[in-house]
Amino acid sequence: MKLQRHSGHQLQLLQGSNAFFEAMVQAMDAGLHEIRLETYILDVHGGAEQVMQALERAALRGVSVALVVDGVGTPALPAPWPQRLTAAGVQWRVFAPLGRLGLLLPSRWRRLHRKLCVVDGEIAFCGGINVLDDWFDPNHGALQAPRFDFAVRVTGPLVQEVHAVMSQFWWRIQAAQRAKQVDWKGAWQALQQAVQDKRHVGITPTAANGALAELVLRDNLRYRTRIERAYRQALGDARYDIVLANAYFLPGRKIRKSLIHAAQRGVRVRLLLQGRYEYFMQFHAAHALYAPLLAAGIEIYEYTPSFLHAKVAVVDGRWATVGSSNMDPLSLLLAREANVVVQNELFAQDLQRCLEQAIRVDAQRVDPLRYTQRSLRLKVFDAMAYLLMRVMLFLNGKRY
């Protein structure tokens, strides 16, 4: 992918784990002062191990390295990496370990799902790609084709905000750990540091030439609906074209209406969705929502060579987003997520070319007639999955 320059930012679209790992490892190996990394899944099969090796090398040469993984996506770091990282001086934490009750407690469904990295406060990465090789899946083993996903490499003013977000989150984790150890002074000092870093969050870089790159967060405090609102605004402003790829597509009523209204006013709407069975609820609940979308003239394509993991969109060839947030309630209502939103034709059209090639070569269009004629068994599964999703939201006190 070409390196796009605009408004004091450089944005590089990265497709797939190979490109992502290569760019991130290159940045880490050049790091002089600090590396921060957050990921939902950390796995060392295949090319993913090179990221761990880069973290280890950086720490051994004196760079401050902080790593956070999620307690569901990564319950424990794979051996022998806990010992290797600790010996090298890497500071690492598992966010919200499940404990004995696991996911039986609704409060445990609030996960760290974002994928962020920042090096020396000068280079940042954001996207949907875990530290996980595209040719391997923790639940399915070796894959016959690579996972379909994207990330973006950023330099410029936006990096300062990414750094502040990650630093604040780190200090909040530190405060919680100190509190569990009854170290109230240490907990208070960590909270003070988190508050100091918070002052740098929410700064939106602007530019005289109109190009814009923005970090859009979703958390359970200040930014509960920001990613959803960014999508709805872009869909509402669309004039002629929407291309959206999303791994777990269970949009709420408002986003579904935005998509339908866009199609009704003549916008071409294309959805590239998961075509391979991965999880019961996500796969079948998504199919339960197809009918009104197809009736409105929306084109739905299902990606079939491998697992689709992308969370990206392009509107009118000028607005684009790349990030970790699925269009489902777990992402939009419960998890910590991060997307980069870009308004730039070169970057948006680069992403759109990738999506259109996948639609043309690797996807099958959903035929409305065949959809209505699917078996009773599949219709029951779809209804059951959708009902299960609604029950989960009810237990969390959420409306969607």
Give me the pairs, please: first residue somewhere in the range 23-49 and open to solvent by 50 Å² or more (accessible area, probe 1.4 Å), second residue anywhere and small (G, A, S) and modelled with pLDDT of 95 or more, beta-carbon distance under 7 Å, and either six or more positions apart or on two chains.
D29/A54; H33/S64
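Rundown of residues vs (1) at pLDDT 95 or above; (2) open to solvent by less than 20 Å² (accessible area, probe 1.4 Å); (3) charged (D, E, K, R); (4) within 21 Å of the chain's Cα centre (by Cα), yes/no style:
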residue: P146; (1), (2), (3), (4): yes, no, no, yes
residue: F150; (1), (2), (3), (4): yes, yes, no, yes
residue: L158; (1), (2), (3), (4): no, yes, no, yes
residue: E161; (1), (2), (3), (4): no, yes, yes, yes
residue: V195; (1), (2), (3), (4): no, no, no, no
residue: I203; (1), (2), (3), (4): no, no, no, yes
Wholly within the range 336-400, helices (runs of 4 or more DSSP H) carrying at least 3 residues that are within 24 Å of I242 (Cβ to Cβ) and among the acidic types (D, E)
345-362
Of all residues in the range 116-133, count the ones that are within 12 Å of L14 (Cβ to Cβ) and either open to solvent by 10 Å² or more (accessible area, probe 1.4 Å) or assigned to a loop (DSSP other than H, G, I, E, B) (or both).
2
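Which residue, of A262, A291, A234, is surrounded by fewer than 16 Cβ atoms within 10 Å (Cβ to Cβ) and touching a residue at least 24 places away in the same chain (Cβ under 8 Å)? Outline the logic, then answer.
Numbers: A262 fails: surrounded by fewer than 16 Cβ atoms within 10 Å (Cβ to Cβ); A234 fails: surrounded by fewer than 16 Cβ atoms within 10 Å (Cβ to Cβ).
Of A262, A291, A234, the one residue that is surrounded by fewer than 16 Cβ atoms within 10 Å (Cβ to Cβ) and touching a residue at least 24 places away in the same chain (Cβ under 8 Å) is A291.
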All but one of (1) more than 19 Å from A234 (Cα to Cα); (2) in a helix (DSSP H, G or I); (3) open to solvent by less than 40 Å² (accessible area, probe 1.4 Å) hold for S306; state the number of the condition that does not hold.
(2)
When the range 309-332 is examined, which residues are found to be open to solvent by 20 Å² or more (accessible area, probe 1.4 Å) and either part of a strand (DSSP E or B) or under 12 Å from L272 (Cα atoms) (or both)?
H309, W319
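Tally time: how many residues in the range 211-232 are part of a loop (DSSP other than H, G, I, E, B) and either of a type in the set (A, V, I, L, M, F, W, C) or in contact with a strand residue (DSSP E or B) (Cβ under 9 Å, 6 or more places away or on another chain) (or both)? Write out each step before concluding.
Going residue by residue through the range 211-232, those that are part of a loop (DSSP other than H, G, I, E, B) are 211, 219-225.
Next, only the ones that are either of a type in the set (A, V, I, L, M, F, W, C) or in contact with a strand residue (DSSP E or B) (Cβ under 9 Å, 6 or more places away or on another chain) (or both) stay: 211, 219-221, 223-225.
Final tally of qualifying residues: 7.
Looking at A310, is it free of Cβ contacts under 8 Å to residues at least 40 places away in the same chain and within 19 Å of the chain's Cα centre (by Cα)? Don't jump to the end; show me each part of the working.
On the way: free of Cβ contacts under 8 Å to residues at least 40 places away in the same chain: no; within 19 Å of the chain's Cα centre (by Cα): yes.
In short, no.
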Of these, Y301, Y248, which one is of a type in the set (S, T, Y) and farther than 30 Å from F169 by Cβ?
Y301
Can you tell me which of V51, V25, V94, V72 is assigned to a loop (DSSP other than H, G, I, E, B) and under 22 Å from the mean Cα position of the chain (by Cα)?
V72
When you go through (1) modelled with pLDDT under 90; (2) touching a Lys or Arg at 6+ places or on another chain (Cβ under 8 Å); (3) surrounded by fewer than 19 Cβ atoms within 10 Å (Cβ to Cβ) one by one for N209, which number turns out not to apply?
(2)
If you go through the range 236-255 one residue at a time, do you hit one that is more than 17 Å from the chain's Cα centre (by Cα), outside any helix (DSSP H, G or I) and within 30 Å of R377 (Cα to Cα)?
yes
If I filter the range 327-350 for residues that are on the phi > 0 side of the Ramachandran plot and of a type outside the set (F, W, Y), do I get at least one hit?
no
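Out of contact with any Lys or Arg (no Cβ under 6 Å at 6 or more places or on another chain), surrounded by fewer than 21 Cβ atoms within 10 Å (Cβ to Cβ) and of a type in the set (K, R): is that true of R111 in this structure? Break it down stepwise before answering.
Values: out of contact with any Lys or Arg (no Cβ under 6 Å at 6 or more places or on another chain): yes; surrounded by fewer than 21 Cβ atoms within 10 Å (Cβ to Cβ): yes; of a type in the set (K, R): yes.
When the stated conditions are applied, R111 passes them.
The values are calculated or read from the model by the stated rules, or taken from the named source; none is laboratory data. Bear in mind that the values here come from a model prediction, so they are computed numbers and not experimental data. Note that each Cβ is placed from the backbone with ideal geometry, even for glycine, and that neighbours are counted across all protein chains shown. Keep in mind that these areas ignore ligands, DNA and RNA; they rest on the heavy atoms of the full protein, side chains included. Shrake-Rupley method; radii C 1.70, N 1.55, O 1.52, S 1.80 Å.
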